[in-house]
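**Student:** Before I ask anything, let me first share the structure, which is written out below as structure tokens.
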Amino acid sequence: MRRIIAGSLASLLIVGAAALPAQAKENEPSKPTIAGIVAASGGEFDNTRSDYDILLNAVQTAGLVDALNDPAANLTVFAPNDRAFIMLARDLGFKGWNEAGAWEFLVGALTQLGNGDPIPVLTNVLLYHVAPARLGILDVALSNKVDTLLGASFGVKFVVLVDADPNFTNPVVLPLASNIKAANGIVHTISRVLLPVNL
């Protein structure tokens, strides 16, 4: 874990020069929206674990595409890649490594947690990944916590995001896949799924 943090901090210094300031910038219509960035994965389950196929399916299932496509919004999304979702599924008992199987397993787990309805729990998890402001990588690294659209916050230790579950590995912002600028905010790819509750 120390190697991951040290490597992330070194990359952070390189990426930092391109970081956006904490205050909101004017919308940049030439860039895709956050929804467009996530949708660029295509949503088809494949063997590319660095993109957002599972996240896209989750956002579509929860009905949050329009919110992430709003050009007037100023948001920061901490976007778990496919590997992050697979690792969560494996933490919860899934034995495979494929995206489709991980997604089906997670839907089953969310259905259990939601007493038969996975949508409210899924929506809460996704909202926990969205901050209501544009936060560049340095803004995140220099803060103690990030407030989210769920109404709960998660802690920050440099590029490690400290969520509400103390038992699972905390996500790390992946510096080489962070500070992705969108017309309506910023996307930071993270290595694990943020959990708003202690499972």
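The values are calculated or read from the model by the stated rules, or taken from the named source; none is laboratory data. The shown structure was predicted, so the numbers you read here are calculated from the model rather than taken from an experiment. Methodologically, a virtual Cβ is constructed for each residue, glycine included, from the backbone with ideal geometry; neighbour enumeration extends over all protein chains shown. Only protein heavy atoms, including side chains, enter the accessible area calculation; ligands, DNA and RNA are left aside. Shrake-Rupley method; radii C 1.70, N 1.55, O 1.52, S 1.80 Å.
**Student:** Residues of the chain: accessible area per residue at 1.4 Å, in Å²?
**Tutor:** With all protein chains present, the chain gives 48 Å² per residue.
**Student:** I need the shape label for segment 159-199. Rule: rounded when a/c is under 1.5, else prolate if a/b > b/c, else oblate, with a, b, c from the alpha carbon gyration tensor.
**Tutor:** Prolate shape, in that a/c is at least 1.5 and a/b is the bigger ratio.
**Student:** Here's another thing I want to ask about it. Relative to the longest principal axis of the chain, what angle (0 to 90°, nearest 10) does the C-alpha long axis of helix 99-113 take?
**Tutor:** Result, in degrees: 80.
**Student:** Name the residues of segment 84-120 whose amide N is less than 20 Å from a point 7 angstrom out from the Cα of GLN60 along the C-beta direction?
**Tutor:** 84-86, 98-111, 118-120
**Student:** Long-range amide H contacts for VAL162: which residues qualify at under 5 Å (H placed 1.01 Å from N, peptide plane, sequence gap of 5 or more or a different chain)?
**Tutor:** GLY155, VAL156, LYS157
**Student:** In nm, to one decimal, how far is the GLU104 label point from the PHE158 one, both placed 7 Å along Cα→Cβ?
**Tutor:** 4.0 nm
**Student:** Work out how much length LEU113 to SER50 would gain on full extension: take 0.36 nm times their residue separation and subtract the Cα-Cα distance, in nm to one decimal.
**Tutor:** Separation in residues times 0.36 nm, less the Cα-Cα distance, equals 20.0 nm.
**Student:** Identify the residues of segment 100-129 with backbone N under 13 Å of a label point that sits 7 angstrom from the Cα of ASN167 along the Cα-to-Cβ direction, or state none.
**Tutor:** Those under the cut-off are none; the list is empty.
**Student:** Take every DSSP beta bridge whose two residues both sit in the chain, then give the antiparallel share in percent to the nearest 5.
**Tutor:** Given both bridge residues lie in the chain, the antiparallel proportion sits at roughly 70 percent.
**Student:** Something else now. Hand me the GluC sites (Glu not before Pro) from segment 37-133 located in a DSSP loop with no more than 14 other Cβ atoms within 10 Å, in residue order please.
**Tutor:** Within segment 37-133, the qualifying GluC sites (Glu not before Pro) (loop, at most 14 other Cβ atoms within 10 Å) are GLU44.
**Student:** Using Cα positions and a limit of under 19 Å, work out the aspartates and glutamates in reach of LYS157, with same-chain residues fewer than 8 apart set aside.
**Tutor:** ASP139, ASP147, ASP165
**Student:** Roughly speaking, to the nearest percent, how much of segment 107-199's 1.4 Å accessible area is carbon and sulfur?
**Tutor:** 59 percent
**Student:** When the helix-only estimate is applied to the chain (DSSP H runs of n ≥ 4, each -39,500 (n - 2.57), divided by the residue count), what is the mean residue ellipticity at 222 nm, nearest 500 deg cm²/dmol?
**Tutor:** After summing the helix terms and dividing by the residues of the chain, the value is -11000 deg cm²/dmol.
**Student:** Sticking with this structure for a sec: Which of ALA39, ALA182, ALA109 moves most in a GNM of the chain, Cα contacts under 10 Å?
**Tutor:** ALA109
**Student:** Could you tell me the extents of the chain's C-alpha atoms along the three principal axes, largest first, rounded to whole Å?
**Tutor:** So the extents along the principal axes, rounded to whole Å, are 43, 38, 33.
**Student:** May I pose another question? With angles folded into 0 to 90 degrees, how steeply does helix 2-16 sit against the dominant principal axis of the chain? Use alpha carbons for both and round to 10.
**Tutor:** 40 degrees
**Student:** How big is the dipole moment of segment 63-199 about its Cα centre under a simple scheme where the beta carbon of each Lys and Arg is +1, that of each Asp and Glu is -1, and everything else is neutral? Debye, nearest 20, please.
**Tutor:** Details: 8 positive and 11 negative charges, 79 e Å.
For segment 63-199, the charge dipole is close to 380 debye.
**Student:** Identify the trypsin sites (Lys or Arg not before Pro) of segment 78-139 meeting these criteria: DSSP loop state and at most 10 other C-beta atoms within 10 Å of the C-beta.
**Tutor:** LYS95
**Student:** For segment 107-199, with equal point scatterers placed on the C-alpha atoms only and solvent neglected, what are the log10 I(q)/I(0) values from the Debye formula at q = 0.20 1/Å, to two decimals?
**Tutor:** Evaluating at q = 0.20 Å⁻¹ gives log10 I(q)/I(0) of -0.98.
**Student:** If amide H atoms are built 1.01 Å from N in the plane of the peptide, which residues on other chains or at least 5 residues away come under 5 Å of the amide H of GLY185?
**Tutor:** Sorted by chain and number, the residues that satisfy this are LEU75.
**Student:** Ok, one more. Among rounded, prolate and oblate, which fits segment 62-154 when a ≥ b ≥ c are the square roots of the eigenvalues of its C-alpha gyration tensor, a/c under 1.5 means rounded, and a/b larger than b/c means prolate?
**Tutor:** Numbers: a/c = 2.05, a/b = 1.61, b/c = 1.27.
Prolate.
**Student:** In addition: Sequence gap at least 6, Cα distance under 8 Å: using those rules, report the relative contact order of the chain to the nearest whole percent.
**Tutor:** About 28 percent, as a whole number.
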